[in-house]
Each structure stands twice: as structure tokens, then as C-alpha cells.
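What follows is a structure written as C-alpha cells; I'll ask about it next.
The values are calculated or read from the model by the stated rules, or taken from the named source; none is laboratory data. This is a predicted model, so every value here is computed, not measured. Counting neighbours? That spans all protein chains shown, and the Cβs are built from the backbone with ideal geometry, glycine included.
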Amino acid sequence: MRTILPQKVICAGGVVFKDDKIVSLRRKNGVWLMPKGHVEPGETLEQTAVREVQEETGLIARVKAPLGETEYSFTENGVLYQKKVHWFYMEAVDGELRPETEMFTDIRLLSAAELDLLSFEADRRLAAKAFAQYRKDRLNVKQTSALQP
């Protein structure tokens, strides 16, 4: 009997801030998540995150900092896939909020109090970590502005 090795997939995505909230998407199966996707040949993880955010949400975003990684596996058509997602703390700088219609049915901006909408615990933890960083960054901007003459 032949052993089928699992397919390892490397992805990158973003917890993207727009208007003091994060971007979330609803897949056609009802799952709420954040934008992410496969690394294309020759791309860095950061480039993948920026591209996937734009493709899936319509937003142009910039990477501010690495946020962490998640790993999960699933079976599709008899093949076991093992995914590792590299996440980035990101900020929307341009574009129009619109979901990629081939994959998603809705798009929403979530406040820190609305993170329970996200379907996966690992995503909720990452989003909470991003909100903590966002609050810290906002505080630093306010403190720096207060020091300006």
C-alpha cells in the first residue's frame, strides 16, 4: 500500500486595520476569518500578505509588524493538507472595501468587542494581539504629538 504524504502549504495574511477596526470576511460556507492565502513562487511572506489582502478585500495595506503564526490541517478530496499561516499586523492605506466574490459572501469591520464573530479561536487570539499593538501604537502617536512644540 502506498503512503500519501500530507501536502504542506505556506500562507501569509493580515490582521488589517481600517477605521480603528479589523477586516473580516465570511466564506461561502459561513466561516468568518481574516484575509490570507498561498505564497506564490518568488514572493516574500510580506508580499503575499499585501497581495492577498488586496485580492480578498479590495484594500491596499502595508505591513507594520509580524504578528505570529497559526497551523492547522484539513482533508479535501482525500488529501491531507497541513497549512502554516504567517500573520502580519497591517494597516489599510487605500482601496475600496469589497469582498472577493468567488470566495466570500460578506465583509465586515470588527471592533475589539466583536472578535467572537471570527470562527476560529486562533484567529480571535491573533486579532486581540493586533488590537493590543494597535492601542499601543495609537498611544505612542498621541504621546509623541503631545511632545511636539
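How many residues does region 65-77 hold that are of a type outside the set (Ser, Thr, Tyr) and free of Cβ contacts under 8 Å to residues at least 12 places away in the same chain?
Result for region 65-77: 3.
Let me ask another. Is it true that Glu46 is surrounded by 23 or more Cβ atoms within 10 Å (Cβ to Cβ) and among the charged types (D, E, K, R)?
Criteria not met by Glu46.
I've got another one for you. Do we find that Asp94 is surrounded by fewer than 14 Cβ atoms within 10 Å (Cβ to Cβ), closer than 15 Å to Gly14 by Cβ and modelled with pLDDT of 95 or more in this structure?
Yes; evaluated as a whole, the condition is true for this residue.
Which members of region 78-98 meet the condition of being without any contact (Cβ under 8 Å) to a residue 40 or more places away in the chain and part of a strand (DSSP E or B)?
Val93, Asp94 - these are the residues of region 78-98 that are without any contact (Cβ under 8 Å) to a residue 40 or more places away in the chain and part of a strand (DSSP E or B).
Can you name every residue in region 49-67 that is part of a strand (DSSP E or B) and either under 17 Å from Glu102 (Cα atoms) or at pLDDT below 95 (or both)?
Of everything in region 49-67, just one residue is part of a strand (DSSP E or B) and either under 17 Å from Glu102 (Cα atoms) or at pLDDT below 95 (or both), namely Leu59.
Could you please tell me which pairs satisfy a Cβ distance under 8 Å, a separation of 6+ or placement on different chains, a first residue in region 116-138 that is under 13 Å from Leu25 (Cα atoms), and a second residue that is surrounded by 14 or more Cβ atoms within 10 Å (Cβ to Cβ) and among the aromatic types (Phe, Trp, Tyr)?
Going by the 8 Å Cβ cut-off, the qualifying pairs are Leu117/Trp32; Leu118/Trp32; Ser119/Trp32.
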